[in-house]
1. Going by what's in this entry, would Ile9 be described as in contact with a strand residue (DSSP E or B) (Cβ under 9 Å, 6 or more places away or on another chain), of a type in the set (A, V, I, L, M) and open to solvent by less than 90 Å² (accessible area, probe 1.4 Å)?
2. Would you tally the residues in the stretch 40-54 being open to solvent by 60 Å² or more (accessible area, probe 1.4 Å) and closer than 14 Å to Glu16 by Cα?
3. Could you count how many residues in the stretch 26-57 are touching a residue at least 24 places away in the same chain (Cβ under 8 Å) and hydroxyl-bearing (Ser, Thr, Tyr)?
4. Just to be sure I understand, how many residues within the stretch 5-41 are touching a helix residue (DSSP H, G or I) at 6+ places or on another chain (Cβ under 7 Å) and over 11 Å from Ile73 (Cβ atoms)?
5. Which of the residues spanning the stretch 6-22 are at positive phi and modelled with pLDDT of 95 or more?
6. Every residue in the stretch 59-81 that is part of a loop (DSSP other than H, G, I, E, B) and open to solvent by 60 Å² or more (accessible area, probe 1.4 Å), please.
7. Taking the condition in contact with an Asp or Glu (Cβ under 7 Å, 6 or more places away or on another chain) and free of Cβ contacts under 8 Å to residues at least 40 places away in the same chain, does Glu16 pass?
Amino acid sequence: MATVKRTAIAGGYFIELGSKEIEIYSIATDGSGALKRVDDMQGTIRMLTEQAGLERDYNQSFRQHVARLIQHINNEENKKE
């Protein structure tokens with residue numbers, strides 16, 4: 001069975017939700033596109049959630065919250081196109 005990963009780019013970060021792990025990378029601002037893994041995952045997700053105008057639903061797991069955030073970011077990007 002193929003592994004499906006959800007991804008989004010927002011606020012200078014690349015978010016990837018795989019079948020087992022959540023990974024967040026900061027995108028270099030020099031135009032190179034280089035990625036650097038972010039150590040403070042929860043703080044970064046909190047910041048991106050605030051920027052997106054979402055509220056954290058504590059009835060959901062952190063993983064579900066990240067999936068919801070990725071979906072929201074991608075929906076907003078699709079509206080722009």
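1. Values: in contact with a strand residue (DSSP E or B) (Cβ under 9 Å, 6 or more places away or on another chain): yes; of a type in the set (A, V, I, L, M): yes; open to solvent by less than 90 Å² (accessible area, probe 1.4 Å): no.
Answer is no for this residue.
2. Of the stretch 40-54, the ones open to solvent by 60 Å² or more (accessible area, probe 1.4 Å) are 40, 42, 46-47, 50-51, 53.
Imposing the further condition that a residue be closer than 14 Å to Glu16 by Cα reduces the set to 42.
Number satisfying all stated conditions: 1.
3. Applying the first criterion (touching a residue at least 24 places away in the same chain (Cβ under 8 Å)) to the stretch 26-57 yields 38, 44-45, 47-48, 51-52.
Still in the running and hydroxyl-bearing (Ser, Thr, Tyr): 44.
Counting residues in the stretch 26-57 that are touching a residue at least 24 places away in the same chain (Cβ under 8 Å) and hydroxyl-bearing (Ser, Thr, Tyr) gives 1.
4. Residues meeting the conditions: 4.
5. If the condition is that a residue be at positive phi and modelled with pLDDT of 95 or more, then no residue fits.
6. Quick first cut of the stretch 59-81, residues part of a loop (DSSP other than H, G, I, E, B) only: 59-61, 81.
Answer for the stretch 59-81, where residues must be part of a loop (DSSP other than H, G, I, E, B) and open to solvent by 60 Å² or more (accessible area, probe 1.4 Å): Asn59, Glu81.
7. Working: in contact with an Asp or Glu (Cβ under 7 Å, 6 or more places away or on another chain): yes; free of Cβ contacts under 8 Å to residues at least 40 places away in the same chain: yes.
In short, yes.
The values are calculated or read from the model by the stated rules, or taken from the named source; none is laboratory data. For clarity, every value in this text was computed on a predicted model and none was experimentally measured. All Cβ positions, glycine included, derive from the backbone under ideal geometry; neighbour counts span all protein chains shown. Surface accessibility is based on the protein's heavy atoms, side chains included, excluding ligands, DNA and RNA. Shrake-Rupley method; radii C 1.70, N 1.55, O 1.52, S 1.80 Å.
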